[in-house]
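The values are calculated or read from the model by the stated rules, or taken from the named source; none is laboratory data. These numbers were taken from a predicted model, which means no experiment stands behind them. For neighbour counting, all protein chains shown are included, and Cβ atoms are generated from backbone atoms with ideal geometry for every residue, glycine included. These accessible areas exclude ligands, DNA and RNA; they are computed on the full protein's heavy atoms, side chains included. Shrake-Rupley method; radii C 1.70, N 1.55, O 1.52, S 1.80 Å.
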Amino acid sequence: MKNIIEAVRSYVIVFLSENLSEHLSFHCIGHTYEVVGAVQEIGVKSNLSEEEMLIVQVAAWFHDCGYVNTYIGHEEESEKIAKTFLENYGCEQNFIESVVNCIESTKYPPKPFSLLEKVLCDADLYHLTRPNYSKYEKGLRQEFEKYLGLIYTNEEWLKKNCNFFKDHEYYTDYGQKVLTKFKEVNIQLMNCSE
């Protein structure tokens, strides 16, 4: 089963490179790479088994593939793409269901139940902790304008970001104890008023 990661990685890189819109300035292939890296970090800190790590890594690779087909509801498309690939690869049904459940849990607002789902949800919003967060929020703002027709003034966008940061909580122990501290630095840097 270890070869599954390399097979999924190779497939998803080609799939996204050839099919993902260049207008996706946040949900680009770079985001997928970053979520995969964050899953590894959070998974290790959460003491996941080898099998559990395989599940969340596979889910991380596939979690945003659905953006190739649609912006709203991309999770369902991602699940279909993952399920088809994994069935063709010969994976067991329990493994496939766990991957699909992880992807499903990332639908906004996230509703993770299992530890694996919590790991993926925390990894998907790992960018909230990054020192260059402004790069991410600019990309997301562009996507909201292009795909959702949502146009904000700078003041409105700042308020939306501040509210999102304040309402957001990480789910894993590592997220709550470590990632939250870095996220709080970004809240301060954004000058969010109470």
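For region 107-151, the set of residues classified as within 20 Å of VAL36 (Cβ to Cβ) and among the small types (Gly, Ala, Ser) consists of SER114, ALA123, GLY139, listed by residue number. Taken over region 42-70, residues that are surrounded by fewer than 22 Cβ atoms within 10 Å (Cβ to Cβ) and more than 25 Å from GLU87 (Cα to Cα) amount to 4. From the list GLU104, GLU117, the lone residue that is open to solvent by 60 Å² or more (accessible area, probe 1.4 Å), at pLDDT 95 or above and either at negative phi or not in a helix (DSSP H, G or I) (or both) is GLU104. Within region 124-146, at least one residue is of a type outside the set (Lys, Arg), at pLDDT 95 or above, open to solvent by less than 80 Å² (accessible area, probe 1.4 Å) and within 21 Å of PHE15 (Cβ to Cβ).
So which of GLU87, GLU92 ends up being open to solvent by 70 Å² or more (accessible area, probe 1.4 Å), over 18 Å from SER49 (Cα atoms), more than 17 Å from the chain's Cα centre (by Cα) and acidic (Asp, Glu)? It would help to see each step written out before you state the result.
Numbers: GLU92 fails: over 18 Å from SER49 (Cα atoms).
Only one candidate qualifies: GLU87.
Of all the criteria given as (1) open to solvent by 50 Å² or more (accessible area, probe 1.4 Å); (2) over 19 Å from LEU115 (Cβ atoms), the one not satisfied by HIS74 is (1). Any residue at all in region 153-171 that's crowded, with 20+ Cβ neighbours inside 10 Å and either among the β-branched types (Val, Ile, Thr) or in contact (Cβ under 8 Å) with a residue 60 or more places away in the chain (or both)? Checked region 153-171: at least one residue is crowded, with 20+ Cβ neighbours inside 10 Å and either among the β-branched types (Val, Ile, Thr) or in contact (Cβ under 8 Å) with a residue 60 or more places away in the chain (or both). Going through region 1-41 one residue at a time, which ones are open to solvent by 80 Å² or more (accessible area, probe 1.4 Å) and either charged (D, E, K, R) or closer than 12 Å to HIS63 by Cα (or both)? Within region 1-41, LYS2, GLU6, ARG9, GLU18, GLU22, TYR33 qualify.
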